[in-house]
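Read through the structure below, which is laid out as structure tokens, and then see the notes.
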Amino acid sequence: MPIRNLVLVLGDQLSPAISSLSKSDRKKDRVLMVEVMEEATYVKHHKKKIAFIFSAMRHFAKALRRAGWKVDYVTLDAPGNTGSFSGEAERSVNTHRPQSIVVSAPSEWRVREVVDGWAERFGIGVNILEDDRFICSSAEFAAWAEGRKQLRMEYFYREMRRKTGLLMDGDKPVGGQWNFDGDNRKPAKADLFMPQPKRTKPDKITTEVLQLVADRFGDHFGDLEPFWFAVTAEQAEKVLDHFIEDALPSFGDYQDAMLLGERFLYHSLISLYINAGLLDPLMVCQRVKREYLDGNAPLNAVEGFIRQVIGWREYVRGIYWLKMPNYVDENFLGAARPLPDFYWTGETEMACLKAAITQTREESYAHHIQRLMITGNFALLIGADPKLVHEWYLAVYADAYEWVELPNTLGMSQFADGGLLGSKPYAASGNYINKMSDYCKGCRYDVKKKTGAGACPFNSLYWDFLARNESKLRGNPRMAQSYRTWNRMTDEKKTEYLSSADRFLVTLE
Ligand code: FAD
Ligand code: DLZ
Ligand code: SF4
């Protein structure tokens, strides 16, 4: 029977209620899902990330078929697989001769550009629908941003609170404050009752995918096994339940903490599921809010969590679509150093970096403060090329898609957009890391030592970063205190810092 429309569902669109599916008809239309080499290799994604996406896609296709959809699913090694979205869409158009292609808007610029070319290339209609899983559309964000000198997340977040009604008491924030971050900076202590992540056992589909990934992507970064990510919506909901029960009450208090033996602390580990479509962000926030109303979790935890999802997550997406395609080329600080090899191997004597990178290699996961204040901070301080830093983050984390990764990396972490996203660079010396973690205790470097042999490299690198970028950062009011301290130092002290940093930087080459 001829089909009406071809409904393309991409690997991060695994939501049954997504616009492309909800606006289609399972009797008349046909779904197309494709595993393509181009997507798996435009950066060399972590093996676990590819396995997660392929397995989640295969499970989703199965669920769609069970729900009565006709689904063409092209596996990576299917005969004739052309290896790209365009090639597979073209093959399918030639086979089915649909009236048009329907697709929810791709989340990344790169893919959007490709899909935008299809109407002309295939000579049929291509209906690109708004991705309605986001709370704020790109148009709405652009309207909010219009005419504002600064695009501060905090103000955007308040709009999202008003729009969703989450933690609102009429038009006032519950608890009388919008933000309880001041309560959320406690270092954690190792604790026998520390929550452990919910691990999902691989089923037959996942086991097949693991074999495929081992065979085809053996040279990609990261350990493939043990593989314990959820790959269906039901399993992801269990991960969410587990987080709510075990970790949410302490999420706020220890959000910024880091511990050597504890890779996950009180974090939710759900970003990969929300980003791929297995969990709906608003549903997640409603569930979390309920815990506050029922008296199971304190306001600082619940507000802190909801802020990450309806605040930061929506905000970075808004920035991405507002500023692309040029955003990816920004390099405000003119940083040009290659990323050290140990970002790929974890082989460094700096205990904090070794922990964050080893964990990234093994889990395809690091929590926010590890990404921002360990790997991100170090790359910023040494002046690593922000594009290389961006490509690293995009490849190594299971939750990484350019729309969310790029603003976090290039904007928040590397200050390459000159302060559009963050009001000051997230640059810190060893003192911060020592305060928020137990990494320094087992490090061969001495965090208290400022310069010379055995001194923590972050200490001299911090001042070297400030000195190197003085002309660009001096005018930033939030940097004024640091520059005052720098300028009060004797020339001798300054030289000591700069030559100590130089000696260290040479070792990276
Ligand atoms: P939790 O700490 O439990 O937070 C709850 C949820 O809030 C997350 O699941 C996520 O959906 C959301 N969230 C929290 N912070 C952010 C943020 N800054 N931006 C967007 N969403 C946020 N997040 C990604 O989803 N993909 C990325 O590729 C990514 N790259 C990052 C790169 C850098 C340099 C930095 C500093 C942060 C990056 N983040 C990214 C944000 C954040 O680190 C991750 O969302 C978080 O660590 C995911 O772990 P979790 O689910 O345990 O989060
Ligand atoms: C990340 C990824 C990978 C590794 N592979 C695929 C794939 O084979 N097929 C697919 O549809 N999606 C994949 N994805 C996710 C896409 O990169 C993501 O959907 C787009 O970037 C959205 O713009
Ligand atoms: Fe990292 Fe310095 Fe602490 Fe070592 S001493 S763990 S390098 S901050």
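The values are calculated or read from the model by the stated rules, or taken from the named source; none is laboratory data. Since the structure is predicted, the reported quantities are computational estimates derived from the model, not experimental observations. Glycine also receives a Cβ, built like all others from the backbone with ideal geometry; neighbour counts cover every protein chain displayed.
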* For the range 421-443, state whether one or more residues are hydroxyl-bearing (Ser, Thr, Tyr) and more than 17 Å from Met350 (Cβ to Cβ). => yes
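For (1) surrounded by fewer than 17 Cβ atoms within 10 Å (Cβ to Cβ); (2) in contact with a Pro (Cβ under 7 Å, 6 or more places away or on another chain); (3) of a type in the set (Lys, Arg), each residue gets a yes or a no:
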| residue | (1), (2), (3) |
| --- | --- |
| Lys27 | yes, no, yes |
| Met37 | yes, no, no |
| Thr41 | yes, no, no |
| Ile53 | no, no, no |
| Phe60 | no, no, no |
| Leu76 | no, no, no |
| Asn81 | no, no, no |
| Arg91 | no, no, yes |
* Asked: For Pro79, are the conditions met, namely being in contact with a strand residue (DSSP E or B) (Cβ under 7 Å, 6 or more places away or on another chain) and in the same structural domain as Lys27 (by TED's automatic domain parsing)?
  -> no
* When you look at Met350, is it within 11 Å of ligand 1 (Cβ to nearest atom) and over 26 Å from Asp132 (Cα atoms), yes or no? -> no
* Counting just the residues of the range 419-455 that are among the basic types (Lys, Arg) and not in a loop (DSSP other than H, G, I, E, B), which one comes out nearest to ligand 3 (Cβ to nearest atom)? -> Lys441
* Residue in the range 156-196 that is farthest from Arg307 (Cα to Cα), counting only those that are loosely packed, with under 11 Cβ neighbours inside 10 Å and among the hydrophobic types (A, V, I, L, M, F, W, C) -> Leu192
* To do: Considering each of Val43, Val93, Val36 in turn, give the residue that is over 28 Å from Pro226 (Cβ atoms) and in contact with a helix residue (DSSP H, G or I) (Cβ under 7 Å, 6 or more places away or on another chain).
  => Val93
* Looking at (1) of a type outside the set (A, V, I, L, M, F, W, C); (2) within 16 Å of ligand 1 (Cβ to nearest atom); (3) in contact (Cβ under 8 Å) with a residue 24 or more places away in the chain, find the lone condition where Gly422 falls short. => (3)
* Could you figure out which of (1) within 24 Å of Gly222 (Cα to Cα); (2) assigned to a loop (DSSP other than H, G, I, E, B) isn't true of Val404? => (2)
* Asked: Pick from Tyr393, Tyr445, Tyr439: which is surrounded by fewer than 21 Cβ atoms within 10 Å (Cβ to Cβ) and modelled with pLDDT of 95 or more?
  -> Tyr445
* Asked: When you look at Glu363, is it of a type in the set (Asp, Glu) and outside the structural domain of Arg152 (by TED's automatic domain parsing), yes or no?
  -> yes
* Structure fact -> When Ala467 is run through (1) assigned to a helix (DSSP H, G or I); (2) within 16 Å of ligand 2 (Cβ to nearest atom), the failure sits at (2)
* Asked: Taking Gly334 and the conditions (1) part of a helix (DSSP H, G or I); (2) closer than 16 Å to Ala379 by Cα, which numbered condition does it fall short on, given that it satisfies the others?
  -> (1)
* To do: Might you let me know whether the range 366-374 holds any residue that is more than 24 Å from Arg112 (Cα to Cα), outside any helix (DSSP H, G or I), of a type in the set (Gly, Ala, Ser) and within 14 Å of ligand 1 (Cβ to nearest atom)?
  => yes
* Return the total of residues in the range 483-509 being surrounded by 15 or more Cβ atoms within 10 Å (Cβ to Cβ) and outside any helix (DSSP H, G or I). => 1
* **2 or more residues of a type in the set (Lys, Arg), more than 16 Å from ligand 1 (Cβ to nearest atom) and at negative phi: qualifying helices (runs of 4 or more DSSP H) within the range 1-113** => 47-66
* Residue list for the range 130-162, restricted to those being more than 23 Å from Gln177 (Cα to Cα) and in a helix (DSSP H, G or I) -> Ser138, Ala139, Glu140, Phe141, Ala142, Ala143, Ala145
* To do: Show the residue pairs that are 6+ apart or on different chains and have beta-carbon atoms under 8 Å apart, the first residue being within the range 106-120 and closer than 18 Å to Val404 by Cβ, the second being more than 16 Å from ligand 1 (Cβ to nearest atom) and of a type in the set (D, E, K, R).
  => Pro106/Arg112
* Residue match in the range 242-263 (condition: away from ligand 1 (no atom under 11 Å from the Cβ) and among the basic types (Lys, Arg)) -> no
* To do: Assess whether Arg361 counts as being within 10 Å of ligand 3 (Cβ to nearest atom) and surrounded by fewer than 21 Cβ atoms within 10 Å (Cβ to Cβ).
  => no
* Does any residue of the range 240-257 turn out to be within 16 Å of ligand 3 (Cβ to nearest atom), crowded, with 21+ Cβ neighbours inside 10 Å, under 19 Å from the mean Cα position of the chain (by Cα) and modelled with pLDDT under 95? -> yes
